[in-house]
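This report concerns only the one structure given below.
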Amino acid sequence: PRRRMRVVSWNVGEKGLVGLAAARDGGLRAVFAELGNPAIIALQETKLAGPEKLTGELANVAGYTSFFSYCTAATGVSLVRTGYAGTGTYVRHDVNTLAAAASLGAALTGASAQHTEPEAERLSAHLLKLVVENDVDSEGRAVLTDHGSFVLVNVYCPAFGREDQGGRAGFKKRFHEALTARCEALLRRGRQVLLVGDLNVTALPIDVHPVHRGRAQLPQAEYQQEQPKLLQADL
């Protein structure tokens, strides 16, 4: 019989990972306990500029192994490395984890040759071009973990509006294209894919919270065209 597994996905928002840990007595261990110690916890907007910002308390939560992706370029709204975007995945020790990657364009690598991806997963030239030419991995927006029976893709997609203007015009669409290409590459290899995270996609302007309604002033038809098409495959 298949074992049921609970996965939690949470955009921790403005305070980031450090703020989340500080908000509870007992830090992240207490937060995870409040969540019922799920098998996997996928966090978005961790806001860590690099591994040097990842303290032992944040990285080594009792009972969990952690995997992080960091913003490595002076990009985005703030135009600085510190405290922008970022993703992190915590996996409970009893969950099989064979490999991990901190970007959409990197190969899943790990100790087991049975499930790890050979030679950058034989990534298509199209996907590599999307990733490299559009720098979609520069903001730490994806963590992939291979659990044997499935690959978990944890993403923090760019928002619609001010995050996709100026020098970043079209970045949201290009990120979604790269994300789709990566997931489709896994599916073609017969892998099961679980896509979680903050996709920052809405069907209609009415689906946007009133606080952010100003980002969705386009006519309805144009607004829908601007929203990237997500995977149609059954993930």
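When each of 31, 7 is tested for being modelled with pLDDT of 95 or more, under 21 Å from the mean Cα position of the chain (by Cα), over 25 Å from residue 98 (Cα atoms) and surrounded by 13 or more Cβ atoms within 10 Å (Cβ to Cβ), the lone residue that passes is 31. Whenever a residue of the stretch 177-204 is more than 17 Å from residue 103 (Cα to Cα), its partners that are of a type in the set (S, T, N, Q) and outside any helix (DSSP H, G or I), lying with C-beta atoms within less than 8 angstrom and at least six residues away or across chains, give the pairs 192/149; 201/227; 202/227; 203/227. From the list 116, 75, the one residue that fits, being β-branched (Val, Ile, Thr), at pLDDT below 70, over 19 Å from residue 51 (Cβ atoms) and out of contact with any Pro (no Cβ under 8 Å at 6 or more places or on another chain), is 116. State whether one or more residues within the stretch 11-25 are open to solvent by 50 Å² or more (accessible area, probe 1.4 Å) and either polar (S, T, N, Q) or closer than 30 Å to residue 149 by Cβ (or both). No: the stretch 11-25 contains no residue that is open to solvent by 50 Å² or more (accessible area, probe 1.4 Å) and either polar (S, T, N, Q) or closer than 30 Å to residue 149 by Cβ (or both).
The values are calculated or read from the model by the stated rules, or taken from the named source; none is laboratory data. Note that the coordinates shown come from a computational prediction; the quantities given were computed from them, not determined experimentally. We place every Cβ from the backbone using ideal geometry, glycine too, and count neighbours over all the protein chains shown. What goes into the accessible areas is simple: the full protein's heavy atoms, side chains included, and nothing from ligands, DNA or RNA. Shrake-Rupley method; radii C 1.70, N 1.55, O 1.52, S 1.80 Å.
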